[in-house]
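Accompanying notes for the structure given below.
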Amino acid sequence: MSAEKATALVLRTTDWSESSRIATLWTREFGKVRVLAKGGRRLKSNFENALDLLTLCGIVFLRKSSGGLDLLTEAQVIQRFPRLRTDLSALYAAYYVAELLADGTQDYDPHPLLFDEALATLRELGGECGPRVARFEMVLLRELGYSPVLDRCAGCGGEMNETEAAFGASANGVLCRNCRGGHRDARPLSPPAYRTLRDLAAPGDDWRGTWSVEVRADVRQLLGQYITHLLGRRPRMLSYLGS
Ligand SMILES: [Zn+2]
């Protein structure tokens with residue numbers, strides 16, 4: 001066993017025994033790790049506060065060489081996100097972010113950019129959460145290798161006419177008029193929603209512009225459908241999200 005240090009976001013915890021907990025953590029250095037926190041349920045334990053859901057903490061853990069859970073030996077709070085305690089839509093959005101990280105990533109598959117994006121999302125959530133969550137989803141998709149094809153038809157590779165675009169989750173991207181018929185899950189994509197998807201996928205801050213109610217609804221439904229297709233099931237928190 002070797003001792004490792006990491007910066008970690010608490011995604012999920014489960015009671016394990018009288019006094020212990022198992023925590024699923026999203027770390028910047030190692031990706032997702034699952035650790036056993038002995039004494040993690042005792043009131044005055046070192047871990048008690050640091051293992052609250054969606055807390056950012058500095059941890060030390062002993063990495064098991066073969067199978068079994070890693071063992072958490074230290075956890076100290078670095079940051080909490082107080083807005084999540086007062087804004088219910090922000091809290092639901094944060095739970096959704098945690099669910100995607102817990103269920104969409106593999107153990108020990110680090111993605112520092114996705115870690116940073118998750119933190120930026122938790123810091124900025126509040127009020128209208130739709131665009132911030134959509135940006136997070138797009139970064140998650142890119143980091144995990146599932147960026148939707150947006151610059152050409154995902155069916156034939158041909159050029160896209162913005163006014164005739166559709167989005168097909170099973171096609172992994174936009175579809176031209178000729179190809180959409182072959183995908184039963186294809187749904188029409190309005191030109192403004194199409195442009196917003198490209199802004200979300202591009203580097204920079206163009207996605208932070210104003211989103212109409214229609215664009216919010218379209219993007220929410222489309223990303224939800226795509227992520228459901230990729231995960232093979234609908235994320236539990238999806239129905240709690242506003243657009
Ligand atoms: Zn096509």
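Is it fair to say Thr86 is of a type in the set (Ser, Thr, Tyr), closer than 22 Å to Glu18 by Cα and surrounded by fewer than 17 Cβ atoms within 10 Å (Cβ to Cβ)?
Details: of a type in the set (Ser, Thr, Tyr): yes; closer than 22 Å to Glu18 by Cα: no; surrounded by fewer than 17 Cβ atoms within 10 Å (Cβ to Cβ): yes.
So Thr86 fails the test.
Criterion first (touching a strand residue (DSSP E or B) at 6+ places or on another chain (Cβ under 8 Å) and either surrounded by 20 or more Cβ atoms within 10 Å (Cβ to Cβ) or free of Cβ contacts under 8 Å to residues at least 60 places away in the same chain (or both)) does Gly155 satisfy it?
Yes, satisfied.
Within region 49-56, identify whether any single residue is on the phi > 0 side of the Ramachandran plot and either in contact with a helix residue (DSSP H, G or I) (Cβ under 6 Å, 6 or more places away or on another chain) or buried (at least 20 other Cβ atoms within 10 Å of the Cβ) (or both), and answer yes or no.
Pass one, region 49-56, residues on the phi > 0 side of the Ramachandran plot: 54.
When the remaining residues are screened for being either in contact with a helix residue (DSSP H, G or I) (Cβ under 6 Å, 6 or more places away or on another chain) or buried (at least 20 other Cβ atoms within 10 Å of the Cβ) (or both), the result is 54.
Checked against the condition, which is being on the phi > 0 side of the Ramachandran plot and either in contact with a helix residue (DSSP H, G or I) (Cβ under 6 Å, 6 or more places away or on another chain) or buried (at least 20 other Cβ atoms within 10 Å of the Cβ) (or both), region 49-56 yields at least one hit.
Working only within region 225-243, note down all residues that are in contact with a Leu (Cβ under 9 Å, 6 or more places away or on another chain), surrounded by 18 or more Cβ atoms within 10 Å (Cβ to Cβ) and either among the hydroxyl-bearing types (Ser, Thr, Tyr) or assigned to a helix (DSSP H, G or I) (or both).
Tyr226, Ile227
Listed here are the residues, each with its yes/no results for (1) within 30 Å of Leu56 (Cβ to Cβ); (2) under 20 Å from the mean Cα position of the chain (by Cα); (3) within 13 Å of the ligand (Cβ to nearest atom); (4) part of a helix (DSSP H, G or I).
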site: Gly127; (1), (2), (3), (4): yes, yes, no, no
site: Met138; (1), (2), (3), (4): yes, yes, no, yes
site: Tyr146; (1), (2), (3), (4): yes, yes, no, no
site: Gly155; (1), (2), (3), (4): no, no, yes, no
site: Glu159; (1), (2), (3), (4): no, no, yes, no
site: Asp185; (1), (2), (3), (4): no, no, no, no
site: Pro192; (1), (2), (3), (4): no, no, no, yes
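Within 28 Å of Tyr92 (Cα to Cα), in the same structural domain as Leu231 (by TED's automatic domain parsing) and of a type in the set (Phe, Trp, Tyr) - does that describe any residue in region 177-197?
yes
Against the condition in contact with a Cys (Cβ under 7 Å, 6 or more places away or on another chain) and outside the structural domain of Asp109 (by TED's automatic domain parsing), how does Ala50 come out, does it pass? Even if it seems obvious, please write down each step before you answer.
Working: in contact with a Cys (Cβ under 7 Å, 6 or more places away or on another chain): yes; outside the structural domain of Asp109 (by TED's automatic domain parsing): yes.
When the stated conditions are applied, Ala50 passes them.
Do you know which residues across region 191-219 are out of contact with any helix residue (DSSP H, G or I) (no Cβ under 6 Å at 6 or more places or on another chain) and either within 19 Å of Glu99 (Cβ to Cβ) or of a type in the set (Gly, Ala, Ser) (or both)?
Ala202, Gly204, Gly209, Ser212, Ala217
Restricted to region 161-179, and to residues that are within 9 Å of the ligand (Cβ to nearest atom) and more than 28 Å from the chain's Cα centre (by Cα), which residue is farthest from Arg220 (Cα to Cα)?
Among residues in region 161-179 that are within 9 Å of the ligand (Cβ to nearest atom) and more than 28 Å from the chain's Cα centre (by Cα), the one farthest from Arg220 (Cα to Cα) is Asn178.
Tell me, yes or no, whether region 217-224 has at least one residue that is assigned to a helix (DSSP H, G or I), away from the ligand (no atom under 16 Å from the Cβ) and among the polar types (S, T, N, Q). If you could, list the steps in order and put the result at the bottom.
Step one: filter region 217-224 for residues assigned to a helix (DSSP H, G or I), giving 217-224.
With away from the ligand (no atom under 16 Å from the Cβ) added as a condition, the list becomes 217-224.
Adding the requirement that they be among the polar types (S, T, N, Q) leaves 221.
So far as region 217-224 goes, yes, one or more of its residues are assigned to a helix (DSSP H, G or I), away from the ligand (no atom under 16 Å from the Cβ) and among the polar types (S, T, N, Q).
From the list Ala98, Ala169, Ala186, pick out the single residue that is surrounded by fewer than 22 Cβ atoms within 10 Å (Cβ to Cβ), at pLDDT 95 or above and under 30 Å from Thr86 (Cβ atoms). Working first, answer last.
Working: Ala169 fails: under 30 Å from Thr86 (Cβ atoms); Ala186 fails: under 30 Å from Thr86 (Cβ atoms).
Testing whether each residue is surrounded by fewer than 22 Cβ atoms within 10 Å (Cβ to Cβ), at pLDDT 95 or above and under 30 Å from Thr86 (Cβ atoms) leaves just Ala98.
Select from region 98-125 the residues that are of a type in the set (D, E, K, R) and assigned to a helix (DSSP H, G or I) and list them in ascending order. First the steps, then the outcome.
Going residue by residue through region 98-125, those that are of a type in the set (D, E, K, R) are 99, 103, 107, 109, 116-117, 123-124.
Residues satisfying the conditions are Glu99, Asp103, Asp116, Glu117, Arg123, Glu124.
The values are calculated or read from the model by the stated rules, or taken from the named source; none is laboratory data. None of the values given here were measured: they were computed from a predicted structure. So basically every Cβ, Gly included, is an ideal-geometry build from the backbone, and we count neighbours across all protein chains shown.
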